[in-house]
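Right, one structure below, let's go through it.
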Amino acid sequence: MSFKDKVVLVTGGSRGIGRACAVAFAKAGASTVIISYAGNEAAAQETVGLLTAEGAKAEALRFDVADTDACTSAVEGIVKAHGRLDVLVNNAGTAVDGLVMRVKDEDWDKQLDTNLRGPFALIRAACRPMMKQRGGAIVNVTSVVGDMGNPGQSAYSAAKAGLIGLTKTVAKELSSRGIRVNAVSPGFISTDMTAHLNDDLRQKMIGGIPLGRLGTPEEVAQAVLFLSGDASTYITGEVLKVNGGMYM
Amino acid sequence: MSTSVIETKVKGIIADQLGVGEDEIKPESSFIEDLGADSLDIVELVMAMEEEFEVEIPDEEAENIKTVGDAINYITTHKK
């Protein structure tokens, strides 16, 4: 699978699944890989180093995906600088865990804004250049909890379920322009987001995974790469589960 | 901006967007029936005209723009 001459944007690309995706695109020959990050400058620069080492032109843009104006400007800036945008990976996400009776309005809003409004704003901006170029691929990173729910993640799971609906609607709207829109739904992946879970809970969760272990960011990245490239030209509106079988 | 300048520019945008020859674009041409536009084309056309002429075309107004002449009229009336 080659991404030669492709311009790729991965949000939340400084760490975890986003970084693994960015690196996978660079390894697959993408000419330009742009990551966005919310604040971790050191991690972002480290990712840029990894991308450059693979021979890609790399760039790190600092903006909050919850800020829709920033999303629009970012996409416009990319198209101005690089002439096109071929792949958008909406990966940036945030979780603030707590049982529903204790969820504050601001935590609800923050999770909906980052996990759902951000992808919407970036899709709205990215579909214009993609429509003009008569092609493109968008991959939204959702979550297994969007399908199965999870105690303590009312807002996160609602946003991730919403992202699946968004994926399918936009897939239908943009199909006539050769733009494919899909989602990848990771299960329990070894990242900073899952690092804080205690051992008991971790063992319990692993007990519910037929493949008997956590997934890696690289395993999720391979699914994102597949849905972004020429190996999946007849697939749109799909939600590809990468979860070791924990939800089928 | 004179009506003839607006007309020329609107036809240019339509030709570019829909990939049709400018000679096919007449004031009475319907975007959908005569020029083969689909709903996405209409949205793109409206956005392109908003940019070119620096006017805002609200959705409820855009729904009434069905022909090339409708578009030229709208711009002529609303362009400051």
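Nothing in this text is a laboratory measurement; each read-out follows from the coordinates by a stated rule. All values derive from a computational prediction rather than experimental measurement. Backbone-built Cβ (ideal geometry, glycine too); neighbour counts: all protein chains shown.
For the stretch A:133-142, state whether one or more residues are under 16 Å from the mean Cα position of the chain (by Cα) and within 14 Å of chain B (Cβ to nearest Cβ). Spell out how you get there, then give the answer.
To start, the set of residues in the stretch A:133-142 that are under 16 Å from the mean Cα position of the chain (by Cα) comprises A:136-142.
Filter once more, so that each one left must be within 14 Å of chain B (Cβ to nearest Cβ): A:136.
Yes, the stretch A:133-142 contains at least one residue that is under 16 Å from the mean Cα position of the chain (by Cα) and within 14 Å of chain B (Cβ to nearest Cβ).
In the set A:THR169, A:THR216, which member is within 29 Å of A:ALA126 (Cβ to Cβ), hydroxyl-bearing (Ser, Thr, Tyr) and without any contact (Cβ under 8 Å) to a residue 24 or more places away in the chain?
Values: A:THR216 fails: without any contact (Cβ under 8 Å) to a residue 24 or more places away in the chain.
Just a single option satisfies the conditions, and that option is A:THR169.
Considering only the stretch B:34-42, I want to know if a residue exists there that is in a helix (DSSP H, G or I) and more than 14 Å from chain A (Cβ to nearest Cβ). Let's see the steps before the verdict.
Filtering the stretch B:34-42 for residues in a helix (DSSP H, G or I) gives B:39-42.
Next, only the ones that are more than 14 Å from chain A (Cβ to nearest Cβ) stay: none.
Checked against the condition, which is being in a helix (DSSP H, G or I) and more than 14 Å from chain A (Cβ to nearest Cβ), the stretch B:34-42 yields no hits at all.
If only one of A:VAL89, A:VAL48 is β-branched (Val, Ile, Thr) and touching a residue at least 24 places away in the same chain (Cβ under 8 Å), which one is it? Steps first, please.
On the way: A:VAL48 fails: touching a residue at least 24 places away in the same chain (Cβ under 8 Å).
Checking each option against the conditions leaves just A:VAL89.
Restricting the search to the stretch B:1-33, which residues are surrounded by fewer than 17 Cβ atoms within 10 Å (Cβ to Cβ), acidic (Asp, Glu) and assigned to a helix (DSSP H, G or I)? Write out each step before concluding.
Start the filter on the stretch B:1-33 by keeping residues that are surrounded by fewer than 17 Cβ atoms within 10 Å (Cβ to Cβ), which leaves B:1-5, B:8-9, B:12, B:15-16, B:19, B:21-24, B:26-28, B:30, B:32-33.
This time we only want the ones that are acidic (Asp, Glu), so: B:16, B:22-24, B:28, B:33.
Of everything in the stretch B:1-33, those that are surrounded by fewer than 17 Cβ atoms within 10 Å (Cβ to Cβ), acidic (Asp, Glu) and assigned to a helix (DSSP H, G or I) turn out to be B:ASP16, B:GLU22, B:ASP23, B:GLU24.
Select from the stretch B:49-68 the residues that are assigned to a helix (DSSP H, G or I) and buried (at least 16 other Cβ atoms within 10 Å of the Cβ) and write down the one among them that is nearest to the other protein chains (Cβ to nearest Cβ).
Of all residues in the stretch B:49-68, those assigned to a helix (DSSP H, G or I) come to B:49-53, B:59-62, B:68.
Adding the requirement that they be buried (at least 16 other Cβ atoms within 10 Å of the Cβ) leaves B:49, B:53, B:62, B:68.
Details: B:MET49: 14, B:PHE53: 18, B:ALA62: 16, B:VAL68: 21 Å.
Checking each candidate, the answer is B:MET49.
Can you find even one residue in the stretch A:127-135 that is touching a residue at least 12 places away in the same chain (Cβ under 8 Å), of a type in the set (Gly, Ala, Ser) and surrounded by 23 or more Cβ atoms within 10 Å (Cβ to Cβ)?
no
Applying the selection to the stretch A:156-208, what residues are touching a strand residue (DSSP E or B) at 6+ places or on another chain (Cβ under 9 Å), more than 14 Å from chain B (Cβ to nearest Cβ) and part of a helix (DSSP H, G or I)?
A:LYS160, A:LEU163, A:ILE164, A:LEU166, A:THR167, A:LYS168 - these are the residues of the stretch A:156-208 that are touching a strand residue (DSSP E or B) at 6+ places or on another chain (Cβ under 9 Å), more than 14 Å from chain B (Cβ to nearest Cβ) and part of a helix (DSSP H, G or I).
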